[in-house]
């Protein structure tokens, strides 16, 4: 029997995707997709992608990059 190759990566749950209008310049609208997700035992986070550039693959790539950056940061713990 052929075994299915398991997908490698960090499990992520997308909580919501929503579209907003952003105005970087007066009278110039840019539609954005906001993706709020949770993963790797971290608090929820939101990434922003321009609607014209949005693809599911780009979403996964940006979430992966965001998670890597967030996991490198460690909270400071001390006693007072």
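Every number in this text was worked out from the coordinates using simple rules, so none of it is lab data. For clarity, every value in this text was computed on a predicted model and none was experimentally measured. As a convention, Cβ positions derive from the backbone with ideal geometry for all residues, glycine included, and neighbour counts pool all protein chains shown.
Before moving on, here are some points about what is shown:
- In segment 69-78 there is no residue matching the filter, namely being in a strand (DSSP E or B) and exposed (fewer than 10 other Cβ atoms within 10 Å of the Cβ).
- Looking across segment 60-80, just one residue is free of Cβ contacts under 8 Å to residues at least 12 places away in the same chain and within 10 Å of residue 40 (Cβ to Cβ), and that is 68.
- Total residues in segment 16-58 satisfying the condition of being surrounded by 11 or more Cβ atoms within 10 Å (Cβ to Cβ) and within 14 Å of the chain's Cα centre (by Cα): the figure is 20.
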